[in-house]
Amino acid sequence: MAAGKSSGTVENKKRKKSKSKSPEEGSDAAGGSGEPGPSGGERTASFPPSFSVSEIKNKQRRHFMFMKLKMEKRKEKLALRKKRKKERQALGDKAPPKPVPKTIENQRVYDETTVDPADEEVAYDEATDDFASYFNRRTTPKILITTSDRPRGRTVRFTEQLSSIIPNSQVYYRRGLALKKIIPQCVARDYTDLIVINEDRKIANGLILSHLPNGPTAHFKMSNVRLRKEIKRKGKEPTEHKPEVILNNFTTRLGHSIGRMFASLYPHDPQFTGRQVATFHNQRDYIFFRYHRYIFRSEKKVGIQELGPRFTLKLRSLQKGTFDSKYGEYEWIHKRHEMDSNRRKFHL
């Protein structure tokens with residue numbers, strides 16, 4: 001009986017040792033590890049070509065094999081890149097041109113609504129739209145910036161900083177007053193635009209831009225808001241000079257209208273002595289706003305400093321007339337489920 005017990009305990013110990021093997025040791029036993037064996041050489045995986053790492057049941061070993069295969073692919077890619085570089089250096093001027101990398105922008109489907117600035121129809125639309133009085137210099141921008149009801153500290157600071165980079169703008173904090181009552185007062189006091197900053201959980205997440213007195217009204221989703229103190233290597237406070245305005249990639253009919261709406265916020269004849277630039281850059285239907293100060297270091301080099309604030313906008317709807325959430329007529333509205341089937345209709 002004693003001998004039987006001792007033999008049983010020895011077998012149990014062997015089983016525990018076999019179970020406590022590390023995933024690396026288990027992969028050595030299967031012949032799939034890249035670690036050096038007893039002879040000093042590396043073992044290669046003996047899996048069939050149709051084998052997939054996802055078929056490995058053990059989670060730790062699956063992760064180990066995945067990282068190993070990923071490292072091998074990275075090494076192969078680096079070796080191929082070095083080989084191509086040596087071939088190009090050997091061929092010199094006879095080397096073929098480098099292939100153009102595939103990006104989201106150059107693979108994008110051409111938008112049929114892209115406008116030509118020299119088109120007569122586009123020129124007629126510009127002469128008769130709601131922004132014609134601004135571009136004909138008959139009106140001067142006067143902006144009212146307000147917020148949602150009872151804004152928190154971060155939204156309040158963002159609103160004040162936004163007012164400092166838009167000339168001839170004023171901040172008004174709402175206290176339960178509806179927008180339908182604010183708009184007639186703005187029209188009576190000769191305001192040309194109304195900006196409303198919405199917030200959720202103390203974070204600014206929406207912007208409404210309404211052109212007065214007859215619209216249109218654009219509703220944007222706002223994200224990635226950064227105040228001046230949160231921007232690294234920022235410049236000094238912006239001055240009261242009128243900034244230059246840069247509009248990038250507003251090429252479609254919808255984008256053309258949005259670009260003219262942004263341009264009408266800033267007065268004509270920028271003061272170049274202030275060296276300040278407000279940039280609205282459209283990329284993949286996201287509008288990135290940056291505010292910079294530049295300085296010419298030489299005839300060829302220009303240095304820039306970001307002044308802030310910065311934010312990103314995504315157009316949700318474009319409505320005819322002033323703000324009316326219940327009975328308003330929409331020129332364009334973002335429909336998420338139709339983006340894939342009718343993607344070309346939604347480009348800016």
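The values are calculated or read from the model by the stated rules, or taken from the named source; none is laboratory data. Here the structure is a predicted model, which means the values were calculated and not measured. Don't worry about glycine lacking a Cβ; one is built from the backbone with ideal geometry, like all the others, and counts go over all protein chains shown. SASA here: full protein model, heavy atoms, side chains in, ligands and nucleic acids out. Shrake-Rupley method; radii C 1.70, N 1.55, O 1.52, S 1.80 Å.
Listed conditions (1) under 27 Å from Thr279 (Cα atoms); (2) open to solvent by 100 Å² or more (accessible area, probe 1.4 Å) are all met by Asp93, apart from (1).
Selection of region 311-331 for residues being assigned to a strand (DSSP E or B) and buried (at least 19 other Cβ atoms within 10 Å of the Cβ) yields Phe311, Leu313, Leu315, Leu318, Gln319.
From the residues in region 290-310 that are among the aromatic types (Phe, Trp, Tyr) and surrounded by fewer than 20 Cβ atoms within 10 Å (Cβ to Cβ), which one is modelled with the highest pLDDT? Filtering region 290-310 for residues that are among the aromatic types (Phe, Trp, Tyr) and surrounded by fewer than 20 Cβ atoms within 10 Å (Cβ to Cβ), the one modelled with the highest pLDDT comes out as Tyr294. Say we look at region 162-178 and pick out the residues that are among the polar types (S, T, N, Q) and part of a helix (DSSP H, G or I); which of these is farthest from Ile195 (Cα to Cα)? Per the criteria, the residue is Ser164.
Restricting attention to region 223-242, does a residue exist that is touching a Lys or Arg at 6+ places or on another chain (Cβ under 8 Å), in a strand (DSSP E or B) and either under 17 Å from Asp129 (Cβ atoms) or small (Gly, Ala, Ser) (or both)? Looking for residues that are touching a Lys or Arg at 6+ places or on another chain (Cβ under 8 Å), in a strand (DSSP E or B) and either under 17 Å from Asp129 (Cβ atoms) or small (Gly, Ala, Ser) (or both), one finds at least one in region 223-242, hence yes.
For every residue, the table says whether it meets (1) aliphatic (A, V, I, L, M); (2) within 15 Å of Arg310 (Cα to Cα); (3) at pLDDT below 95; (4) open to solvent by less than 70 Å² (accessible area, probe 1.4 Å).
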position: Ile203; (1), (2), (3), (4): yes, yes, yes, no
position: Leu209; (1), (2), (3), (4): yes, no, no, yes
position: Glu230; (1), (2), (3), (4): no, yes, yes, no
position: Arg233; (1), (2), (3), (4): no, yes, yes, no
position: Thr252; (1), (2), (3), (4): no, no, yes, yes
position: Thr279; (1), (2), (3), (4): no, yes, no, yes
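Restricting to region 264-296, give me the number of residues that are among the small types (Gly, Ala, Ser) and in contact (Cβ under 8 Å) with a residue 60 or more places away in the chain. Please lay out each step first, then the result.
Filtering region 264-296 down to residues among the small types (Gly, Ala, Ser) leaves 264, 274, 278.
Still in the running and in contact (Cβ under 8 Å) with a residue 60 or more places away in the chain: 264, 278.
Qualifying residue count for the region: 2.
Against the test of being surrounded by fewer than 20 Cβ atoms within 10 Å (Cβ to Cβ) and under 30 Å from the mean Cα position of the chain (by Cα), the options Arg138, Arg150, Arg175, Arg189 yield a single qualifying residue, Arg150. The selection criterion, being open to solvent by less than 60 Å² (accessible area, probe 1.4 Å), touching a residue at least 24 places away in the same chain (Cβ under 8 Å) and not in a loop (DSSP other than H, G, I, E, B), does not hold for Val156. The single condition from (1) open to solvent by less than 40 Å² (accessible area, probe 1.4 Å); (2) charged (D, E, K, R); (3) more than 21 Å from the chain's Cα centre (by Cα) that Glu244 fails is (1).
Each residue in region 243-277 was checked for being among the hydrophobic types (A, V, I, L, M, F, W, C) and in a strand (DSSP E or B), and 4 of them qualify. Any residue at all in region 263-276 that's at pLDDT below 95 and under 17 Å from the mean Cα position of the chain (by Cα)? Checking region 263-276: not a single residue is at pLDDT below 95 and under 17 Å from the mean Cα position of the chain (by Cα).
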